[in-house]
Amino acid sequence: MNDCKTMRSVRFMAPGRPFSLRAVSVPSPTADQVRVRIAACGVCRTDLHLRDGLLDLGKRDFTVGHEIAGTIEACGDGVPAHWLGRRVVIYYYIGCGLCRYCRNGEEYLCPTPKAQPGFSSDGGYAENIVVPLRNCVPLPDNVDLAEAAPMGCAGSTAVHAGRMAEIHPGEWVVINGAGGVGMAVVQYARYAGGRVIAIGMGAERMALARQLGAEYTIDAAEVPDVAARVAEITGEGADVVFELVGTSATMKAAVTMLRRRGRMVMIGYTAEDFHVHPVELIVREITVRGSVGSSLEDLYEAIDLLARGVIQSPVARRHGLEEFETALAEVQAGELPGRVVLMP
Ligand SMILES: [Zn+2]
Ligand SMILES: [Zn+2]
């Protein structure tokens, strides 16, 4: 096939430097691997963190992008032939397989991963990718590839964080930061029975949050004290707050939004620190926990929820691979209602 050919690839070269569009060799699958012809790759805020150096796993010169969907077009030895032509979303953790986390299906915590496509090895801002077959989650026919791609991070991260929060029916759930992941958390929290309050910026995004299941929305651009507004709605405070913005101010506000024994789940971050006096956590028995990525099973669940129409994956813009700078700028601006997706 096109094994000796080249393909377009958007590369991470060094922190603090722009990504660069290059021609690289089309990779070939070895045993138990497949090559996926990439149809769509979502642009995640984490890609910006990679570029600005906030996230650095130490590797250089690899293809960016970790929300990857496409079609299997070549199979290595040992891969059953029926996989050829299957549409899939890629799980972006390739764990060591041996550590206590991998043994338990928690590859997102593996201290010695073999690879992390888009973070430390070749990802999805390219025409092709080679991954182990195990990392391919099959897609039902009714799912659009561009809508499926964001499940690889935004959707699966939301499922994972939602499970961690152990939402009970009727609980007040605040989503502080209704962006790509936030919109997915809105839907998962609603699915879990929570009463959802979405906080974000802009009328368009807030309208989308309501459409996706938020009972209340608070436009942070209009409301000066969002924590006071949450108290007004909930009475004592929220049972759960998902923190997706990650500035010192929003993280501090998130703690004040909680009721006694409330749970805060941290997902988003910036370069800023989290400052809170311990007494705020102690006397109200607040739980603060981090949530990173997802397990393979979380991604399977996200795809199932998407296929059944329980959650939607709104795509705001679709761009060609060459337009990656435009796409990144749109994500940075944070105003579009829905994901920005590259179509290589
Ligand atoms: Zn491991
Ligand atoms: Zn991501």
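Side notes on the structure shown:
- When the inverse distances between all different Cα atoms of the chain are averaged and flipped, the Kirkwood radius reads 20.4 angstrom.
- At 1.567 mPa s and 4 °C, Stokes D of region 122-186 from Kirkwood alpha-carbon radius, µm² per second: 92 µm²/s
- Neighbourhood net charge (11 Å Cβ-Cβ; Lys/Arg +1, Asp/Glu -1) for residue 72: +3
- Size of region 157-290: Rg and Dmax of its alpha carbons, in Å, are 13.1, 38.
- For the pair residue 249 and residue 144, a Förster radius of 41 Å applied to the C-beta separation gives a FRET efficiency near 0.65, rounded to the nearest 0.05.
- Two-site label geometry, residue 292 and residue 59: point separation in nm, points 7 Å out along Cα→Cβ: 1.5 nm
- Anchor residue 59: lysines whose Cα lies under 22 Å away (excluding residues fewer than 8 positions away in-chain): 114
- Neighbourhood net charge (13 Å Cβ-Cβ; Lys/Arg +1, Asp/Glu -1) for residue 305: -2
- Max mean-square fluctuation residue, GNM over the chain, Cα-Cα springs under 10 Å, options 224, 132, 18: 224
- Region 274-333 - Kirkwood radius from inverse mean 1/r over Cα pairs (Å): 16.1 Å
- Relative compactness, region 1-113, computed as alpha-carbon Rg over 2.2 N^0.38 Å: 1.18
- What the Cβ-Cβ distance of residue 308 and residue 203 gives, at R0 = 35 Å and to the nearest 0.05, is a FRET efficiency of 0.75.
- Multiplying the residue separation of residue 96 and residue 272 by 0.36 nm and subtracting their alpha-carbon distance yields 60.2 nm.
- Top of 259, 308, 210 by mean-square fluctuation, Gaussian network on the chain, Cα under 10 Å: 308
- Relative contact order %, region 157-290, counting alpha carbon pairs below 8 Å whose residues are six or more apart: 21 percent
- Cα-projected label distance for residue 6 with residue 25, points at 7 Å along beta-carbon direction, nm: 1.3 nm
- Each peptide among 275-286, 142-153, 180-191, 93-104 gets the average number of other Cβ atoms lying within 10 Å of its residues, and from highest to lowest they stand as 180-191, 142-153, 93-104, 275-286.
- Structure-based [θ]222 nm, the chain - -39500 (n - 2.57) summed over DSSP H runs of at least 4, per residue, nearest 500: -7500 deg cm²/dmol
- Square roots of 5 times each gyration tensor eigenvalue, C-alpha, region 61-211, largest first, Å: 31, 19, 15
- Subtracting the Cα-Cα distance of residue 104 and residue 221 from their residue separation scaled by 0.36 nm leaves 37.9 nm.
- The chain, relative contact order [Cα under 8 Å, separation at least 6], %: 18 percent
Computed from the coordinates by the stated procedures, all read-outs in this text should not be read as laboratory data. The structure displayed is predicted, hence computed values, not measured ones. Cβ sites come from the backbone with ideal geometry, for glycine too, and all protein chains shown count toward neighbours.
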